[in-house]
Amino acid sequence: MLDNEKVKIESATFRRLLEHLRQNPDVQNIDMMNLANFCRNCISKWYVAEAEKIGEKLTYEEARVIIYGMSYSDYKAKYQKEATKEQLEKFNERKTEK
């Protein structure tokens, strides 16, 4: 497989992942963090970091719009639920395990 083809496949796969996350806003970031140790915000940070590597200037908030498909404040108001006690306990346990 040529590098160009690989990049096209990886790009399409990433776009598909973003679309899947946008179509499933019921999957809360804290659940993603607790299960997979990353969430939409992590992907936003990775996006900024990779942009910087190639000399592109992108703010964290701009990356969030790309990842969430809307501003983070709009996403939070529309989809984010208050974390339960159990979710927060699990999240904090993971943080202390590191």
Filter result for the condition that a residue is under 25 Å from LYS95 (Cβ atoms), surrounded by fewer than 10 Cβ atoms within 10 Å (Cβ to Cβ), free of Cβ contacts under 8 Å to residues at least 24 places away in the same chain and not hydrophobic (A, V, I, L, M, F, W, C), over GLU5, GLU82: GLU82
Restricting to the range 52-86, count the residues that are of a type in the set (D, E, K, R), closer than 22 Å to ASN34 by Cα and part of a loop (DSSP other than H, G, I, E, B). 2
For ILE66, work out the one condition from (1) in contact (Cβ under 8 Å) with a residue 12 or more places away in the chain; (2) loosely packed, with under 12 Cβ neighbours inside 10 Å it doesn't fulfil. (2)
Output the residues belonging to the range 44-77 that are within 20 Å of HIS20 (Cβ to Cβ) and of a type in the set (A, V, I, L, M, F, W, C). TRP46, ALA63, VAL65, ILE66, ILE67, MET70
Limited to the range 47-63, what total is found for residues that are surrounded by 13 or more Cβ atoms within 10 Å (Cβ to Cβ) and among the basic types (Lys, Arg)? 0
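Restricting to the range 15-42, name every residue that is among the β-branched types (Val, Ile, Thr) and either within 13 Å of TYR75 (Cβ to Cβ) or modelled with pLDDT under 95 (or both). Write out each step before concluding.
First pass over the range 15-42, keeping only residues among the β-branched types (Val, Ile, Thr): 27, 30.
Listed by number, the list holds a single entry, VAL27.
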May I ask you to say which residue of LYS95, LYS76, LYS90 is surrounded by 12 or more Cβ atoms within 10 Å (Cβ to Cβ) and either at pLDDT below 95 or touching an Asp or Glu at 6+ places or on another chain (Cβ under 7 Å) (or both)? LYS90
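Let me confirm something: among ILE30, ILE43, which residue is aliphatic (A, V, I, L, M), in contact (Cβ under 8 Å) with a residue 60 or more places away in the chain and either surrounded by 14 or more Cβ atoms within 10 Å (Cβ to Cβ) or not in a helix (DSSP H, G or I) (or both)?
Numbers: ILE43 fails: in contact (Cβ under 8 Å) with a residue 60 or more places away in the chain.
Sole residue among the options that is aliphatic (A, V, I, L, M), in contact (Cβ under 8 Å) with a residue 60 or more places away in the chain and either surrounded by 14 or more Cβ atoms within 10 Å (Cβ to Cβ) or not in a helix (DSSP H, G or I) (or both): ILE30.
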Residue list for the range 68-89, restricted to those being farther than 18 Å from ARG40 by Cα and of a type outside the set (Asp, Glu): THR84, LYS85
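The values are calculated or read from the model by the stated rules, or taken from the named source; none is laboratory data. Everything numeric here is computed off the predicted structure, so don't read it as measured data. Cβ coordinates were reconstructed from backbone atoms using ideal geometry, including for glycine residues, and neighbour counts include every protein chain displayed.
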